[in-house]
Structure formats: structure tokens, C-alpha cells
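Working notes, structure below.
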Amino acid sequence: MNDNQPLVSIIMPVYNCERFLSESIESVISQSYKKWELLIVDDGSTDKSISIIESYAEKDSRIQLYKNDSGEHGPGIARNYGIERIGGKYTYFIDADDWIEKALLQDTVALAEKMDADIVPFGFIVENNGEKKKKPLKPCGNFEFQDFKKVANEIVRGTWSECHELIRSELLKDVRHNKFKTCEDICFQMDLLCNVRKVCGIDKEYYHYRIVQDSISHIGKWDDAFMETAIAVWNGERRFLEYCGLNENSQIMKNTAIERYTGCLYWLCKRKCPLSFKEKYLQIKDIGNRMEIKKFKYEFDCTSYSGVKKITKLLIKHNWEMGMILMGTFYFKIFEKSTNL
């Protein structure tokens, strides 16, 4: 190990991941870059996860086990617990059911040091029941703060995420995950980017994201906090776009607001949503008020859309949200039932 190399703090939140945990830890141990510390934060596991972690920690002093006893739980809370304990110049996040290519740290640290970059994002690969799909980094390249405005829409709609980038640790001084159990990574990313001055992306896929059907992000239950999460994501996206110098009159701001609002309508139509039609009406009315959606919908330009997406945006523009919910609820009731979704 080269003592002159900067230390990388790797944070891994764990909750009942015994099936994939060893593979994830082994992918860290196998890194060609050796100067790292692995901070594993157990978030109340009831399976064999802790014993697996302890067996690795006994053999490798770079691996440290922490138990989140804060009283609050969730992937973001566990990651925050790890952030408070980082000692490295750089920080990297990995989920316990995923794994990474052996050159990830070597390549990203080298580029960060050479270019004095705040973050080094890269692509990833989605693995689902043996099928693999590459997700290249978009946008890819080197960007200074003054360039962010040109690529802001691609960043908001793109693949940048905490598990797909190396982060200069000093940027995390005032950035933390929120309390929500889904989409907390998007909010974190938007807040992080408001501290970033220089980005250097790598057009390679280093991260293997495994689809786990019973994970928090894929479990088929309605979450009462979903709409609160959507509002939090929108607020984060709005802050980032304003950081880039964009205001409410910009088409990018309008696009982002309408896309997030459309997502709320979509989830209100799903079979997993238990709300009555009246409750859905009150929900979307509240969301629209809190998003100040009227500022964006009437002058929203739909010409860049086509097909169903264009139709939904036109319906929103002309205040047909409840008609969409009525038709969408009926559609998903039939479609999801017939496909057992």
C-alpha cells in the first residue's frame, strides 16, 4: 500500500442482506486500490448479516462494523451514521446487495487527483434475474460550475447518483440524507451538486446494481410518505436548477416540475394506492399547491413530447388531472390485475 495515496472511506448500509452481503464486501476487498476503510452500518438486521460482517472485520482491520442505535432507521439514516465517521479524503457509497468492479477506486481516485475534481461520476449495470443492461453515464465529460447550466436538464434526468460516483469528503460537511426510505438518494444528490464546482465523469460502468424484488425500493406496498418524498425531491431539484442560474421561466425548470408532478399522478393511479377518489383529489390538490404547479403548467411547452407522454402533459396543462386519475385508476386496475402486478 502506498502511504501517499489518499484514503477512501466507503460507506455500506446493511439491513437483512445476508444473501448478497459477502459478494458486496468481497468486491471492496478485491479493489486494486488498497488504501480504503469500509464503514459498514447495520440498520437493525435480524438475519445473519451481523455475523457475516464480524467475520470479515476480524480478518481485515480496514473493515469496521457500526450498529445504528439512533432510534431512526432507513438507508439514508444509516448512510448519515457512516458520514459522521469518515476519515478519508474521498467518500464512496455502496449498497449491500450490489457489487463493484475492481478498478473503480483506482480509476476514480486517479482522475480526481489529476483534475482536482469534486466528484467523479460513472456508469452502472442493472442486473435482473441474470439479465444485464448497461447504463452509461449521462451526461459524460468534464464540467465546471459555469457549464452546469448547459447540462442541467441531463443531470436532473440522468444517471448521477451517490453509488455511481466518488465524492470529495469535504463536500459532505453540510450534506445529509433525509428521513425518507425511498428517493432519499435523489434528494442527497441534488443537495450535493449545490456544493460542486468541478465534475470529471468516466464513460465506463463500474457499479453492478442488482434488482431485489423484496427490497425497500421494489416492495409492492403503498407508502403513506410517498407524496412527501416527491415534494422533497422536487425541492431538491429546484434548488439545484436555481444553483445553475435557472429560474421559474426556464423550460428546464418547467419540464422538471411537470415531470415530478406527473409522477405523483401516476402513483395515485396504481392499484397499490388505497386512497379513495376524494382522497386522491385532496392529495393532488395539496401537491399542486405545495409545488406551486400553476407557475409551470400553463406556459409549459409540450412540443418535445410525443405519444402518451404528450397527451398526459397536455391534460395537465389544461387542468384535467382528476380525469387522468379516474382513467388511470381504471386502466391500472385492469392491467395490473391481468398481469398479476
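Taken over the stretch 139-154, residues that are under 15 Å from residue 122 (Cα atoms) and touching a strand residue (DSSP E or B) at 6+ places or on another chain (Cβ under 9 Å) amount to 4. Among the residues of the stretch 147-192, those that are touching a Cys at 6+ places or on another chain (Cβ under 8 Å) and over 15 Å from residue 236 (Cα atoms) comprise 148, 149. Taken together, 176, 168 contain a single residue that is surrounded by 19 or more Cβ atoms within 10 Å (Cβ to Cβ) and among the basic types (Lys, Arg), which is 168.
Of the helices (runs of 4 or more DSSP H) lying entirely inside the stretch 1-116, those containing at least 2 residues that are in contact with a helix residue (DSSP H, G or I) (Cβ under 6 Å, 6 or more places away or on another chain) and aliphatic (A, V, I, L, M) span 21-29.
Considering the stretch 118-136 alone, what residues qualify as being in contact with a helix residue (DSSP H, G or I) (Cβ under 9 Å, 6 or more places away or on another chain) and open to solvent by 60 Å² or more (accessible area, probe 1.4 Å)?
135
Restricting the stretch 110-132 to residues that are over 14 Å from residue 165 (Cα atoms), within 23 Å of the chain's Cα centre (by Cα) and among the acidic types (Asp, Glu), the residue that is modelled with the highest pLDDT is 127. Can you find even one residue in the stretch 15-27 that is closer than 25 Å to residue 106 by Cβ, in contact with a Pro (Cβ under 8 Å, 6 or more places away or on another chain) and either without any contact (Cβ under 8 Å) to a residue 60 or more places away in the chain or open to solvent by 30 Å² or more (accessible area, probe 1.4 Å) (or both)? No, that holds for no residue.
So, residue 104, is that one closer than 23 Å to residue 179 by Cβ and either out of contact with any Leu (no Cβ under 6 Å at 6 or more places or on another chain) or touching a residue at least 40 places away in the same chain (Cβ under 8 Å) (or both) or not? No, not satisfied. Against the conditions (1) surrounded by fewer than 13 Cβ atoms within 10 Å (Cβ to Cβ); (2) at pLDDT 90 or above; (3) among the small types (Gly, Ala, Ser); (4) within 27 Å of the chain's Cα centre (by Cα), residue 304 satisfies every one except (2). Looking only at residues in the stretch 59-117 that are among the polar types (S, T, N, Q) and open to solvent by less than 50 Å² (accessible area, probe 1.4 Å), the one that is farthest from residue 191 (Cα to Cα) is 68. For the stretch 251-272, residues that are polar (S, T, N, Q) and buried (at least 18 other Cβ atoms within 10 Å of the Cβ) total 2. All conditions but one from (1) surrounded by 20 or more Cβ atoms within 10 Å (Cβ to Cβ); (2) without any contact (Cβ under 8 Å) to a residue 12 or more places away in the chain apply to residue 147; the one that does not is (1). The residue list 40, 11, 29, 52 contains one member that is under 16 Å from residue 101 (Cβ atoms), at pLDDT 95 or above and not charged (D, E, K, R), which is 29.
Does residue 142 qualify as being touching a residue at least 24 places away in the same chain (Cβ under 8 Å), within 10 Å of residue 201 (Cβ to Cβ) and open to solvent by 50 Å² or more (accessible area, probe 1.4 Å)? It is true that residue 142 is touching a residue at least 24 places away in the same chain (Cβ under 8 Å), within 10 Å of residue 201 (Cβ to Cβ) and open to solvent by 50 Å² or more (accessible area, probe 1.4 Å). Among the residues of the stretch 117-147, those that are farther than 16 Å from residue 199 by Cα and assigned to a strand (DSSP E or B) comprise 124, 125, 126, 127, 128, 131, 132, 133, 134, 135.
The values are calculated or read from the model by the stated rules, or taken from the named source; none is laboratory data. Remember, it's a predicted structure, so these values are computed and weren't measured experimentally. As a convention, Cβ positions derive from the backbone with ideal geometry for all residues, glycine included, and neighbour counts pool all protein chains shown. When the accessible area is computed, the model is the full protein with side chains, heavy atoms only, and any ligands, DNA or RNA have been set aside. Shrake-Rupley method; radii C 1.70, N 1.55, O 1.52, S 1.80 Å.
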